[in-house]
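To start, the structure itself, in structure tokens.
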Amino acid sequence: MRLLEYQAKELFAGYTIPTPQGLTSKDIEQGRKDAARLGFPFVIKAQMAVGGRGKAGAIQKCHNSDEFELKYPEIMQKVVKGEKTRAILLEKMADIKKELYLSLFLNRSKRCYTIIASAEGGVEIESVKNQIIREVGLGNVDSRTAEEVGKEMGLKDKALTQFVDILQKLSKITVEKEAELAEINPLAILKDDSLVALDGKMIIDDNAMFRHDELRKFQEVSELEERAEKSGFSLVELDGNIAVVGNGAGLVMSTLDMLSDNGGKPACFLDVGGGATTDTVYEALTLISKMKKVKGILVNLYGGIVKTTTVATAFIKAYDNKLIDVPVFARMSGAEADKSKEMLKGSRTKMFDTIEEAINAAVIEVNKNG
Amino acid sequence: MADLFDLLIGKEGDKDYKKKPVIVQGITGKFGSFHTQQMLAYGTNIVAGVTPGKGGQKIEGVPIYENMKDAVGATGAKISIIFVPARYFLSAAVEALDAGIKLLVAIPEHVPVKDALTIVDLAKKNDAIVVGPNTPGVIIPGIIKIGIMPASPFKPGNIAVISRSGTLMYEVSHNLTLANFGQSICFGIGGDPINGAPLIQAFDTIRDGANIDGVVVVGEIGGDAEEMLAQHIIDTKFDKPVVAYIAGRAAPKEKRMGHAGAIIYGTYGSAESKVSMYAKANVPVAKRPAEVPMLLAGKLGKGRNK
């Protein structure tokens, strides 16, 4: 789960990492009240789960109420790299002397947490120069390590003391909230040499959410994705018109690739998972039927533990209940595949021996129907 | 590090040669009992199960113990497979490693990263191999199956398959079998960001196996395991044919594609990055699973990794 900036900062504040004074709203009426409480000038920041907001004009300075009335609605409407604005943070401007970079993240290849810090922050991590990198096991950072990193960045006196404190607090948040990433970029040194987190990004381990009820309020999943999760399958909504269904994340990804290679446009990624039953597959078809954009369904099953007949039965039930009215192109291999083919004979499900053939037919048919 | 083939098969002359004893943790659950039956049917020598509160009973003819210490004490098994729900995984795995298990197959999906890291550390200290979590397991076709994979895609032979995905391991092995390439071992490393045996380690445990003419690596987007493996193949001058497949070329960025580990951030974890590193290591990448046997045949035809 990726937290929005204001959510990450709410966690930071709970651990007394300094952040600028700010207020978050979801409509302009609340925004006006926030503006009055905060007082001009301030920064209007779109809250969206994507980097590069500044360049895209989703973060702008605001000096008076005329500007506010123009800029607030404009930023509310922003879409950056496909991400919409979900809320607006108004934040007091800071008197910045220097911008640093600081993050703690799960390093997959080293299988440990790793600190990245730099005295040259404020740009995206890919462009951060002179990175100082330290591996820190399960994420705990002692004061000695924090001080070494700070000194290597050229910090001293008040700024160094504050940096050590902030890094240790960031480490505490990472460990206690089970984050895969906690990033402050920029971490600003102000004119008076105090440090403040001007931005915040956190990604929480979804699999650890059962231990973190306190973070549930930040969870924002689409209704469809939530229903999918409850039934034990994974659903990712995409932009195209052919729903892709299969068992196993790898197999469904592979099907998505082949469909795209052949000019098809996937409407969703739906993995019914290893423990699929007729009921869960039926639920999956129900979710697909709610996606208006879907003009065809592509099914790729490798029947092993989940028998293909389990899936075929769900399709027949879906036809009986008039749940699906789009053509279905299916390849079923493995356990009880022949029986499934027999069951679906004469239905609107066209069966193919290979996934390549199923994809060709799906692309031709869906394109023909526009 | 412990020797995988020695653990799974043993040496000729051992009294349990090709009959290595295996313990099932969570044996009375729906999933655990079903797969115990399947593994027994394949010929896997399951000697004990563990379910707290059910010690003394039997299931599928297999005696159940209260804990791993008792089960290992009674059987001397060095291999265990875990079927408990993700939230109980950590305690089950600690119990297994503390009891002296040297090969732990971790089936559960949705294990928190922190718990996986804790087990990685403990396994290092104990010189144990952890397969998974979120893995279909390991199979040596015709000899031993420790996992949830169906038996039908696999047949004995000389190609090793290492996979980050379960169904793709079945799909690719099925295609290999159809093309008459049997498998010496199929190793599912798991779909999570943290693997007990990451790609390189899995590769190293099988690379010197006696019956290996070539290796197929089934990968997917996310992380940089494929890139590191490619570099490792170059650095260690591995000269047997290697062929790869990568799923997720069409996946959007910053979306988890079913597997916790299958996610792209920026260019980190992208398919392009993996394909270009493989090219440097002279490893061809199939566009689709059905292409794997063709590429492999091409490589084997030329003999060594040329």
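Roughly how many debye, to the nearest 20, is the charge dipole of the protein assembly as shown about its Cα centre, given +1 on each Lys and Arg Cβ, -1 on each Asp and Glu Cβ, and no other charges?
Numbers: 85 positive and 83 negative charges, 181 e Å.
Roughly 860 debye for the protein assembly as shown.
Write down the Kirkwood hydrodynamic radius of region A:56-97, to one decimal in angstroms, obtained as one divided by the mean of 1/r over all alpha carbon pairs.
Working: mean 1/r = 0.0870 Å⁻¹.
One over the average 1/r among Cα pairs gives 11.5 Å for region A:56-97.
Treating region A:96-216 as a set of equal point scatterers at the Cα positions, no solvent, please give the Debye-formula log₁₀ I(q)/I(0) at q = 0.12, 0.18, 0.19 Å⁻¹. With one equal scatterer per Cα and no solvent, log10 I(q)/I(0) is -0.41, -0.90, -0.99. Sequence-ordered 3J(HN,Hα) estimates for region A:108-119 from the Karplus curve with 6.51, -1.76 and 1.60 and θ = phi - 60° stand at 5, 6, 8, 6, 7, 7, 9, 8, 10, 9, 7, 7 Hz, glycine and proline given as x.
Assuming R0 = 60 Å, can you tell me the calculated FRET efficiency for the pair residue B:237 and residue A:67, based on Cβ-Cβ distance, to the nearest 0.05?
Numbers: r = 65 Å, r/R0 = 1.08.
Given R0 = 60 Å and the Cβ-Cβ separation, E is 0.40.
For the ranges A:36-42, B:190-196, what's the packing order if you count other beta-carbon atoms within 10 Å of each residue, average per peptide, and put the highest first?
Details: A:36-42: 13.4, B:190-196: 27.7.
Packing proxy ranking, top to bottom: B:190-196, A:36-42.
For chain A, take N as its residue count and report Rg(C-alpha) divided by 2.2 N^0.38 Å.
On the way: Rg = 25.4 Å, N = 370, 2.2 N^0.38 = 20.8 Å.
After normalising by residue count via 2.2 N^0.38 Å, the value is 1.22.
Once backbone amide H atoms are built at 1.01 Å from N, residue A:180 has A:203, A:204, A:205 as its partners under 5 Å, excluding neighbours fewer than 5 places away on the same chain. At the listed q of 0.18 Å⁻¹, the Debye profile of region B:4-131, built from one uniform point per Cα, gives log10 I(q)/I(0) equal to -0.94.
How large, in Å, is region A:245-369 by the Kirkwood hydrodynamic radius built from its alpha-carbon pairs?
Details: mean 1/r = 0.0705 Å⁻¹.
After inverting the mean inverse Cα-Cα distance, the result is 14.2 Å.
On the principal axes of its alpha carbon atoms, region A:21-92 extends 31, 22, 19 Å, with the longest extent given first. Averaged over peptide A:255-268, the number of partner chain Cβ atoms lying within 10 Å of each residue's Cβ comes to 3. Here the 3J(HN,Hα) profile of region A:51-68, calculated from phi with Karplus coefficients 6.51, -1.76 and 1.60 at θ = phi - 60°, is x, x, 5, x, 4, 7, x, 8, 10, 9, 6, 9, 9, 7, 6, 4, 4, 4 Hz, Gly and Pro shown as x. Estimated at 0.36 nm per residue, the fully extended path between residue A:126 and residue A:229 surpasses their Cα-Cα distance by 33.8 nm. Here the simple spin-label model places points 7 Å from the Cα toward Cβ, and for residue A:214 and residue A:193 these points are separated by 3.4 nm. Over the Cα atoms of the protein assembly as shown, the radius of gyration divided by the Kirkwood radius equals 0.99; this is the Rg/Rh ratio. Rg over Rh for chain B works out to 0.96, both radii taken from alpha-carbon positions and Rh defined as the Kirkwood radius.
Averaged over peptide A:226-234, the number of partner chain Cβ atoms lying within 10 Å of each residue's Cβ comes to 1. Scalar couplings 3J(HN,Hα) for region B:249-256, obtained by applying the Karplus form with A = 6.51, B = -1.76, C = 1.60 to θ = phi - 60°, are 4, 9, 6, x, 6, 6, 10, 7 Hz; x denotes Gly and Pro. The listed peptides A:174-185, A:13-24, B:166-177, ordered by packing as a protection proxy, come out as B:166-177, A:174-185, A:13-24 (highest mean of other Cβ atoms within 10 Å first). Note on region A:86-166: Cα-only Rg and Dmax are 14.2, 40 Å. A simple spin-label model places the labels of residue A:86 and residue B:98 4.0 nm from each other, with each point 7 Å out along Cα-to-Cβ.
Label separation (residue B:276 vs residue A:110): 2.4 nm, computed from points 7 Å beyond Cα along the C-beta direction. Annotation: amide H of residue B:50 within the under-5 Å range of B:24, B:25, B:26, B:27, B:65, sequence separation 5 or more or interchain, hydrogens built in the peptide plane.
Evaluated with a Cβ-only charge set (Lys, Arg +1; Asp, Glu -1), region B:152-301 carries a dipole of roughly 320 debye about its Cα centre, given to the nearest 20. Estimated from the Cβ-Cβ distance and a Förster radius of 25 angstrom, the FRET efficiency linking residue A:364 and residue A:325 is about 0.85.
Normalising by the residue count of region A:96-216, find the relative contact order in percent from Cα pairs under 8 Å and 6+ residues apart.
Numbers: 231 pairs, mean separation 33.8, N = 121.
Once normalised by length, the contact order is 28 percent.
Based on DSSP H segments of at least four residues, each scored -39500 (n - 2.57), chain B has a per-residue ellipticity at 222 nm of -10000 deg cm²/dmol. Note on region A:166-221: Cα convex hull, mean projected area over all directions, 4.6 nm². For the listed peptides A:197-203, A:103-109, a ranking on the average number of other beta carbons within 10 Å per residue, highest first, reads A:197-203, A:103-109.
The value of relative contact order for region B:4-131, using C-alpha pairs under 8 Å at least six residues apart, is 21 percent. Averaged over peptide B:253-262, the number of partner chain Cβ atoms lying within 10 Å of each residue's Cβ comes to 6.
With unit charges on the beta carbons (Lys and Arg positive, Asp and Glu negative) and the dipole taken about the Cα centre of the protein assembly as shown, which residue among A:321, B:180, B:265 sits farthest to the positive side? Working it through, the farthest residue towards the positive pole turns out to be B:180.
Every number here is computed from the coordinates shown, using simple stated rules; none is lab data. What you are looking at is a predicted structure, and each value in this text was computed from that prediction instead of being measured. With ideal geometry, Cβ positions are generated from the backbone for all residues, glycine too; neighbour counts draw on all protein chains shown.
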